[in-house]
1. For THR318, all conditions in the list (1) surrounded by 19 or more Cβ atoms within 10 Å (Cβ to Cβ); (2) within 24 Å of ILE224 (Cβ to Cβ) hold save one; what is the number of the exception?
2. Being buried (at least 16 other Cβ atoms within 10 Å of the Cβ) and part of a loop (DSSP other than H, G, I, E, B) is the filter here, so list the residues in the stretch 339-355 that pass it.
3. Which ranges mark the helices (runs of 4 or more DSSP H) fully within the stretch 46-127 that have 3 or more residues being at pLDDT 95 or above, of a type outside the set (A, V, I, L, M, F, W, C) and within 24 Å of GLU189 (Cβ to Cβ)?
4. Please go through the stretch 68-81 and pick out each residue that is in contact with a Ser or Thr (Cβ under 8 Å, 6 or more places away or on another chain) and either under 22 Å from ARG181 (Cα atoms) or open to solvent by 10 Å² or more (accessible area, probe 1.4 Å) (or both).
5. Got a sec? Which helices (runs of 4 or more DSSP H) wholly within the stretch 129-247 have at least 1 residues that are of a type outside the set (Val, Ile, Thr) and modelled with pLDDT of 95 or more?
Amino acid sequence: MVLLPRTGSSNLIVSASNTIVTCPAFRRPYTPNPSLKGIFAGSGSASMSTPYMAQAVIDLTQQRAQDVSLLYIGTASYDITKFRNKQANLFSEMGVTVESLNVANQFVRKEEMEEAVDKADIILVSGGNTLYAVDRWEYLGLSELLKGAAGRGTVMAGGSAGAICWFDGGHSDSADPDSYRLSMLNEFESNADSSSHEKKRKNKDGDDGNSKDWKYIRVEGLGIWPGLICPHYDRIQSNGVPRMTDFDSMMKRHPYELGIGIDHHAALEVNGDDFRILSIPDRKGSVELGDDADGNGQAVPGAWIKYVDDDGTLHSKTCPWSGKVTELLQMVEDAQKHLLLDHEKVELCRKENPLLRD
């Protein structure tokens, strides 16, 4: 049995079948570079701070933790120390050597970036503002270095923005003013105590009834893997709109893409042509497994596949827990023709959250 997402859409078909999506004429099968590896979580801070997820990331290197070098890139959260600590400290405690590449607020020479990227076994990207991060990487020339590292077998990892950035694009909260550079630097790099930070951001997940006026947008990623990613799939953010509901609307606006929704406490792991869904134990999610021994429903963290057929009908199905990447991911046949970007919304966001240009 599968938990039916509350989308409010009359033309949504939900399937529990393990058959992965048939490839239509406007998409083509994806054959991955066998060296590509990564773990892409619904939430970076909630996932990478758990031993379960951190160990899975380390395991992809096929090395002992003590022999692993991790490069943390916190551009999406503007290199703010608090977010680095939440996502990288556990790796340090497990014996991993952790270094940071801080490029959000300062100029870094190409040679420095190359050296940092080349010696990393894992590249961990923070959550935060995906649009700003990818734009900044493109401006500095870091994007090509990251693509090269992925092709060499470096483990690419992250949650939220750190998941979207590796794919064609994603369902993003980059238009949330609270995620803008100056807003976050003023909040977290000020002398205010941590309790004031928590109070100010109390409704980050939209759970206090005071919704904010901003909309989700489709943003571009690096395109190392194909697909449109929706992190925090089972959550509501400060605009009061459920991610799963808005992701359905986005899929209708971008019908040529294949979408993957990843619950807050879940992750998609890719290892060459193999994938599996990681589900953090003892956490709730959107995929129902049936009743437990006491007759209570068990909804666990998982992932969903979304696609629109030739009739314009949106289909939603649970992602199999494991399988082949060639059977899961698909590439848009003519990206320039078929990828319909949210240009006006994205440009407004760029204007409101201007890129630091050195």
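The values are calculated or read from the model by the stated rules, or taken from the named source; none is laboratory data. Since we're looking at a predicted model, the values are computed, not measured. Note: ideal-geometry Cβ built from the backbone for every residue, glycine included; neighbour counts use all protein chains shown. Surface areas here come from the heavy atoms of the whole protein model, side chains and all, with no ligands, DNA or RNA. Shrake-Rupley method; radii C 1.70, N 1.55, O 1.52, S 1.80 Å.
1. Condition (2) is where THR318 drops out.
2. Across the stretch 339-355, the qualifying residues are LEU339, ASP342, ASN353.
3. On the way: elements: 51-59, 81-93, 110-118.
Ranges flagged: 81-93.
4. Of the stretch 68-81, the ones in contact with a Ser or Thr (Cβ under 8 Å, 6 or more places away or on another chain) are 68-77, 79.
Those that are in contact with a Ser or Thr (Cβ under 8 Å, 6 or more places away or on another chain) and either under 22 Å from ARG181 (Cα atoms) or open to solvent by 10 Å² or more (accessible area, probe 1.4 Å) (or both): SER69, LEU71, TYR72, ILE73, GLY74, THR75, ALA76, SER77, ASP79.
5. Numbers: elements: 130-140, 142-151, 161-164, 181-188, 194-200.
Per the criteria, 130-140, 142-151, 161-164, 181-188.
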